[in-house]
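Here is the structure we will look at, set down as structure tokens.
The values are calculated or read from the model by the stated rules, or taken from the named source; none is laboratory data. Predicted model, so just to flag it, every value in this text is computed and none were measured. Because the Cβ atoms are built from the backbone with ideal geometry, glycine has one as well, and the counts that use them run over all protein chains shown.
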Amino acid sequence: MALFRLSSPLDPISGLLELQRELERLAENPLGMDLGFSGRGAFPAMNIFSDKDGYVVRLEVPGVPPEQISIETRGRTLTVSGRRAASGPEGASVHRREREAGEFARSIQLPDDLDLSRAEAGCKHGILTIRIPKREEAKPRQITVKAA
Amino acid sequence: MTPQELSVKAKQELSGGEHTRPGRTYVPDVDISETPDSLWLWADMPGVDEHSVEVKLDEGVLAIEGRVSLKEYEGLTPLYTEYNVGNYARRFSLSADIDAERIKARMANGVLELELPKTARAKPRKIPISAG
């Protein structure tokens with residue numbers, strides 16, 4: 001497991017450099033995570049983090065309203081699907097079209113020690129965040145030593 | 001039928017030394033359309049809220065800039081990454097005369113929408129032809 005953790009609170013200047021450096025360092029998937037069948041290069045782009053409670057999966061979905069996103073779990077598989085609408089107005093002449101529109105779906109396989117039944121999702125400013133807690137039995141536990 | 005898979009382009013870093021903020025700055029993907037009355041622009045800036053975006057029009061050059069918040073990343077350990085996080089900036093030379101006073105900007109779901117109304121002078125005008 002990675003030993004690096006972004007500090008809290010992050011300094012606005014050095015924090016951005018720190019975050020960018022760490023994301024860059026991990027861009028080649030050095031942890032060799034087995035994510036299943038849908039890979040890099042598909043929309044939406046995805047980052048995976050861990051925190052003290054479990055995993056945090058984050059996807060960039062600019063222009064997709066939360067009600068157009070569907071998240072489904074089956075076994076260890078998490079699937080995010082939805083639709084991104086083309087920009088209007090009708091009948092306008094298009095000068096530039098760099099933003100792709102249409103339907104999307106991505107799936108990943110998560111490790112066994114996560115409890116997908118307790119996953120929670122939120123979408124803010126075009127970023128979808130899915131938090132998946134560890135199973136209770138997978139959490140570190142402190143064992144008190146009693147005097148004999 | 002499986003839906004057509006949308007692809008994602010790697011974010012392009014802004015080149016040139018014109019940004020004053022530290023760290024990497026990315027070029028947002030945009031759509032630009034034109035109607036008889038206005039130019040319309042949409043820019044993908046995921047992670048940017050309505051208080052962290054700036055739009056400037058100066059001598060026919062439109063500049064947009066968005067700053068991301070780092071708050072959501074505190075206490076996280078990256079495990080797998082496909083995209084990097086950074087501020088956004090892009091500039092455009094506008095082909096039409098725009099009425100700067102009436103520009104409308106809106107941020108929704110990480111997309112900046114701009115309506116840039118043309119000045120009366122720049123609007124297409126039909127010239128009636130009278131029978132001679």
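Count of region B:107-131 residues, restricted to those that are part of a strand (DSSP E or B) and either over 30 Å from residue B:13 (Cα atoms) or in contact (Cβ under 8 Å) with a residue 12 or more places away in the chain (or both), is 9.
Among residues of region A:103-114 that are without any contact (Cβ under 8 Å) to a residue 60 or more places away in the chain, those with a beta-carbon under 7 Å from a residue that is in a strand (DSSP E or B) and aliphatic (A, V, I, L, M) at least six positions away or on a different chain give the pairs A:110/A:78; A:110/A:132.
Sort out which residues of region A:49-74 are among the polar types (S, T, N, Q) and over 27 Å from residue A:85 (Cβ atoms), and write them in order of number. It would help to see each step written out before you state the result.
Keep residues of region A:49-74 that are among the polar types (S, T, N, Q), which gives A:50, A:68, A:70, A:73.
Answer for region A:49-74, where residues must be among the polar types (S, T, N, Q) and over 27 Å from residue A:85 (Cβ atoms): just A:50.
Here A:87, A:107, A:38, A:117 are screened, and the one residue that is exposed (fewer than 14 other Cβ atoms within 10 Å of the Cβ), among the small types (Gly, Ala, Ser) and modelled with pLDDT under 95 is A:117. Looking at region A:123-138 only, could you name the residues that are over 30 Å from residue B:33 (Cα atoms) and without any contact (Cβ under 8 Å) to a residue 40 or more places away in the chain? Result: A:135, A:136, A:137, A:138.
Counting only strands (runs of 3 or more DSSP E) that fall entirely inside region B:12-103 and contain at least 2 residues that are at negative phi and more than 9 Å from chain A (Cβ to nearest Cβ), the qualifying elements are B:25-27, B:53-58, B:61-66, B:87-93.
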